[in-house]
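Undergrad: One structure coming up, written as structure tokens, with questions to follow.
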Ligand SMILES: Nc1ncnc2c1ncn2[C@@H]1O[C@H](COP(=O)(O)OP(=O)(O)O)[C@@H](O)[C@H]1O
Ligand SMILES: O=C(O)C1=C[C@@H](OP(=O)(O)O)[C@@H](O)[C@H](O)C1
Ligand SMILES: [Mg+2]
């Protein structure tokens, strides 16, 4: 990388870090959008802590997400998720990647709206499907036609994800590029709110 390009990359991180201030950055969106993997890169670029709410739920319960769904059902999982997300957002700045259903739950969405800047990683069905069909860890997709299930979730959930503060299109590009686009969107959002 040339010296000039390095300076541009550094200033992107610095400007995004300054724009975020002490707020949390919370990634929302459907399964496969890249919340967990892109969130981790964004946090490392900003040099702030990264927490994935699903991993935190698994840590505190000492069960996997699939085991929690099987043993207690989705409703109990959502109640635990709401408590964990609320706690994770108590202090900042952090990058918190949520599970796909978190922002859909009224209680959890309120915690997220209050707890920082939310970013919807929005992807089309084929991109999501390409990514999620490689693993069978997601209990909601254990159906006869998982692609159709995913499409149904898209239709039901996209109007709600649209309430996030920022939307970034999650495309078939490298995760590092997606992370840079999130940083750019944070800077833009801050400029817009300062101008209004
Ligand atoms: N931009 C990307 N390009 C290629 N693969 C990606 C990209 N973003 C995510 N993935 C892959 O897709 C899968 C799902 O990503 P993940 O971060 O777990 O999504 P989410 O947390 O939103 O469900 C993972 O295997 C991940 O490595
Ligand atoms: O969409 C959902 O309701 C879910 C998404 C999953 O997280 P990812 O979006 O990180 O896969 C996980 O929380 C759980 O399987 C439920
Ligand atoms: Mg995830």
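Undergrad: Condition (residue is within 15 Å of ligand 1 (Cβ to nearest atom), under 29 Å from residue 180 (Cβ atoms) and not in a helix (DSSP H, G or I)) applied to the range 56-78: is it met by at least one residue?
TA: The answer is no; no qualifying residue exists.
Undergrad: I've got another one for you. Look at the range 86-134 and say how many of its residues are more than 14 Å from ligand 3 (Cβ to nearest atom), touching a helix residue (DSSP H, G or I) at 6+ places or on another chain (Cβ under 6 Å), closer than 15 Å to residue 51 by Cα and assigned to a loop (DSSP other than H, G, I, E, B).
TA: Residues that pass the stated criteria total 2.
Undergrad: Could you count how many residues in the range 33-50 are more than 16 Å from ligand 2 (Cβ to nearest atom) and either assigned to a helix (DSSP H, G or I) or touching a helix residue (DSSP H, G or I) at 6+ places or on another chain (Cβ under 6 Å) (or both)?
TA: 3
Undergrad: How many residues does the range 157-187 contain that are part of a helix (DSSP H, G or I), more than 15 Å from the chain's Cα centre (by Cα) and without any contact (Cβ under 8 Å) to a residue 24 or more places away in the chain?
TA: 2
Undergrad: Going through the range 23-37 one residue at a time, which ones are near ligand 1 (Cβ under 10 Å from one of its atoms) and closer than 20 Å to residue 108 by Cβ?
TA: Matches in the range 23-37: 27, 28, 29, 30, 31, 32, 33, 34, 35, 36.
Undergrad: Taking the range 100-117, which residues are touching a residue at least 60 places away in the same chain (Cβ under 8 Å) and within 14 Å of ligand 1 (Cβ to nearest atom)?
TA: Within the range 100-117, 100, 102, 103 qualify.
Undergrad: What is the number of the single condition among (1) touching a residue at least 60 places away in the same chain (Cβ under 8 Å); (2) over 23 Å from residue 152 (Cβ atoms); (3) within 12 Å of ligand 1 (Cβ to nearest atom) that residue 45 does not meet?
TA: (3)
Undergrad: Also, quick follow-up: Going through the range 140-150 one residue at a time, which ones are more than 13 Å from ligand 1 (Cβ to nearest atom) and closer than 19 Å to residue 74 by Cα?
TA: Scanning the range 140-150 gives 142, 143, 144, 146, 149.
Read-outs throughout are calculated quantities, based only on the coordinates presented, and are distinct from any laboratory measurement. Computed from a predicted model, the values in this text were never measured in an experiment. Positions of Cβ are generated from backbone atoms using ideal geometry, with glycine treated the same way; all protein chains shown enter the neighbour counts.
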